[in-house]
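K.L.:
One structure is given below, represented as structure tokens, and several questions about it will come after.
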Amino acid sequence: MTRLTPGLQTFLENEGYCHLTEIEGRGICAVYKFMFTFAIVYGIDEHGYRGRWCYSGSIEPAVALRQWNGIGDPLGNWIKYKGEGGERSRVE
């Protein structure tokens, strides 16, 4: 699994990732702004990422990422998951 080195952190921040952190079992994680959503992205390396949970606003994914231990889905009202294992919408 890729480690978050200072050089990689600078590269990812320049690519638009913020709140970068490492979470056991999920690798490098961050918040990223997409065209219509903000997402918690995990398994990030210099080539891409393994998956993401999309949220409608910018604050909620940042808070959820800080609280997430990497097990299951992150907290909050995420809209859709896209990544390893396919796509799914949040079920309440």
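K.L.:
Anything in the range 81-92 that is in a loop (DSSP other than H, G, I, E, B) and either closer than 17 Å to residue 49 by Cα or free of Cβ contacts under 8 Å to residues at least 12 places away in the same chain (or both)? List them, or say none.
P.N.:
84, 85, 91, 92
K.L.:
I would also like to ask the following. How many residues does the range 2-12 hold that are surrounded by 13 or more Cβ atoms within 10 Å (Cβ to Cβ) and either under 15 Å from residue 64 (Cα atoms) or free of Cβ contacts under 8 Å to residues at least 12 places away in the same chain (or both)?
P.N.:
Within the range 2-12, residues that are surrounded by 13 or more Cβ atoms within 10 Å (Cβ to Cβ) and either under 15 Å from residue 64 (Cα atoms) or free of Cβ contacts under 8 Å to residues at least 12 places away in the same chain (or both) number 1.
K.L.:
May I pose another question? Can you give me the number of residues within the range 74-84 that are within 17 Å of residue 32 (Cβ to Cβ) and surrounded by fewer than 18 Cβ atoms within 10 Å (Cβ to Cβ)?
P.N.:
Residues in the range 74-84 being within 17 Å of residue 32 (Cβ to Cβ) and surrounded by fewer than 18 Cβ atoms within 10 Å (Cβ to Cβ): 5 in total.
K.L.:
Give 60, 87 a once-over and let me know the one that is more than 14 Å from residue 25 (Cα to Cα) and surrounded by 17 or more Cβ atoms within 10 Å (Cβ to Cβ).
P.N.:
One residue alone meets the criteria, 60.
K.L.:
OK, next. Name the single residue that is surrounded by the fewest Cβ atoms within 10 Å (Cβ to Cβ) among those in the range 18-54 being within 8 Å of the chain's Cα centre (by Cα) and among the aromatic types (Phe, Trp, Tyr).
P.N.:
Restricting to residues being within 8 Å of the chain's Cα centre (by Cα) and among the aromatic types (Phe, Trp, Tyr), the top hit is 32.
K.L.:
Let me ask something else. Looking at 81, 55, which is the one that is at pLDDT 95 or above, closer than 15 Å to residue 18 by Cβ and not aliphatic (A, V, I, L, M)?
P.N.:
It is 55.
The values are calculated or read from the model by the stated rules, or taken from the named source; none is laboratory data. The structure displayed is predicted, hence computed values, not measured ones. Counting neighbours? That spans all protein chains shown, and the Cβs are built from the backbone with ideal geometry, glycine included.
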